[in-house]
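Participant: Structure incoming, see below.
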Amino acid sequence: MLTPDEIENLKRLMLSDLSENRELALEIIENNSSAIPPCSKEIATLYMIGREHYKIPVNRLRKLFDYLSEQEKSLARKTYGIFISTTVKPKEFLVEQANDFLNHFQVYESVFLQNPEMAKPFSAIAGVLSDKHYEYELAIKIYELHIKYYPKAPRSHFRIAYTIYAQMMDYRQLDKILYHFEKTHELDPYSNAASNLASIYIHFKFDKEIAKAWANKTLEYYPGNLSAHGTLASIFCLYDRDIEKGLALFEKHYAEAKGHFLFCNKYAYTLGELRIQPDKAIEIARRGTELSTSEAAQDTLAYVLWRCAKDYEAAEEIYQKMNIKKSNDYEALANYAAMIMEWKQDYKTAKKLLKRSLKIKDFDIFTLVAMGNYYRDGEKDRQAARKWYEKALAVYPDFDLAQKAILQL
């Protein structure tokens, strides 16, 4: 029979995003299927309503379902049905279900207070609304309500931060993003929150020491986290300017990371930024496009093509397929602007793209330098260029590209 400590450990494993941990949790269930204690009914509930997500065999579900109270069974059937419907029902149905949940939450409140995990399927609805139907604000309301009654719900904290940061890309809410990622890590240090915090602190706060600390904290709990290794390697290369150390770390993990998009993307982008090893950069970037169809993957490939290999025509073809002028990817907009200034001296279009990029993220140091380059080369206005370089240095005083640009004026 499982001990209470083992049950808590099993909950942690089951809630993890790591597929290998879910498999380990299933193995524990399998080995104890004939003697699962009643105190593990929260686990049973979570598996019951998450069968489609976790792919639990029906025979196991039936055994686990026996440990639920009649009230829990009734709610589990309802919420499980809603969860399954997310794969077949249209957006309108899901929005209706979500609003009904928000407007009549008191109906469920007494049950949720006794067993907060029963609210988890509604978080699943929120996930589908944000991931498939782009109803971000509605999804966040559900996550926040879930947290109100179940403050120790790491997944809901994570999803709030992720939805704002990665899906809405609303960087004006950076403090809220940081709070929920940090809360996620506090509740579940085995989550991927620390790795996200490492990326945020280097790309948005430009604090390489805190970024390194979060990356290393990730590796304490999950030594094989390739995203954290990639973040450290890129910091060594681009911020510490210890290129040899950074490239060695990239190369050390590349063989095992060929199926990991974020690592490949960071590796290729870093090579592009350094303008070295063009063949290697293109190979890795192409691998990234095989792993992801995202704009970020396409932008990285185009970026290394023109920065490393000077293959402007190939990069231009990719950007046009992306419909770059209507993109909301601030990096892609800035990268394309830099390319057409270098290649075609098309400063008029470049300025429009840079302004659009800065509307999305007005403190990106690379875009600020690119705008300085526009005024330096396109307008021949060194005074205006200096102001933009100084804006970049105000965000990150050690930014060597801005420092060098000022010295060269």
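Participant: When the Kirkwood radius is taken over all Cα pairs of region 337-387, what Stokes-Einstein diffusion coefficient follows at 25 °C and 0.890 mPa s, in µm²/s?
Facilitator: 230 µm²/s
Participant: A follow-up question, please. What is the extension gain from E295 to A248, computed as 0.36 nm multiplied by their sequence separation minus the C-alpha to C-alpha distance, in nm to one decimal?
Facilitator: 14.2 nm
Participant: For the pair K344 and D362, how long in nm is the line joining their label points, each one 7 Å along Cα→Cβ?
Facilitator: In this crude label model, K344 to D362 measures out at 2.9 nm.
Participant: By counting other Cβ atoms within 10 Å of each Cβ, how are L305, L138 ranked from fewest to most?
Facilitator: In order of increasing Cβ crowding within 10 Å: L138, L305.
Participant: Taking 0.36 nm per residue of sequence separation and subtracting the Cα-Cα distance, how much length would be gained by fully extending the chain between R241 and N328, in nm to one decimal?
Facilitator: 28.3 nm
Participant: In the structure displayed, which of K176/K361; K148/K326; K326/K391; K141/K352 lie more than 28 Å apart, Cα to Cα?
Facilitator: Among K176/K361; K148/K326; K326/K391; K141/K352, the Cα-Cα distance tops 28 Å for K148/K326; K141/K352.
Participant: Report the local net charge at Y312: Lys and Arg +1, Asp and Glu -1, summed over other residues whose C-beta lies under 9 Å from its C-beta.
Facilitator: Charge balance near Y312 sits at -2.
Participant: How far is it, in nm, from the label point at D377 to the one at K321 when both lie 7 Å from their Cα along the line to the Cβ?
Facilitator: 2.6 nm
Participant: Order by neighbour count: M341, M169, M371, M322, fewest other Cβ atoms within 10 Å first, most last.
Facilitator: So the ranking, lowest neighbour count to highest, is M169, M322, M341, M371.
Participant: Take Y221, Y143, Y347 and order them by how many other Cβ atoms sit within 10 Å, fewest up front.
Facilitator: Placing the least packed residue first, the sequence is Y221, Y347, Y143.
Participant: Could you tell me the center-to-center distance, by alpha carbons, between region 192-223 and region 256-276 in angstrom?
Facilitator: Cα centroid to Cα centroid, the span is 17 Å.
Any read-out appearing in this document is the output of simple, stated calculations on the displayed coordinates, not a laboratory observation. Since the model is a prediction, treat every value here as computed from it, not as a measurement. Here Cβ is always computed from backbone atoms with ideal geometry, including for glycine, and neighbour counts include all displayed protein chains.
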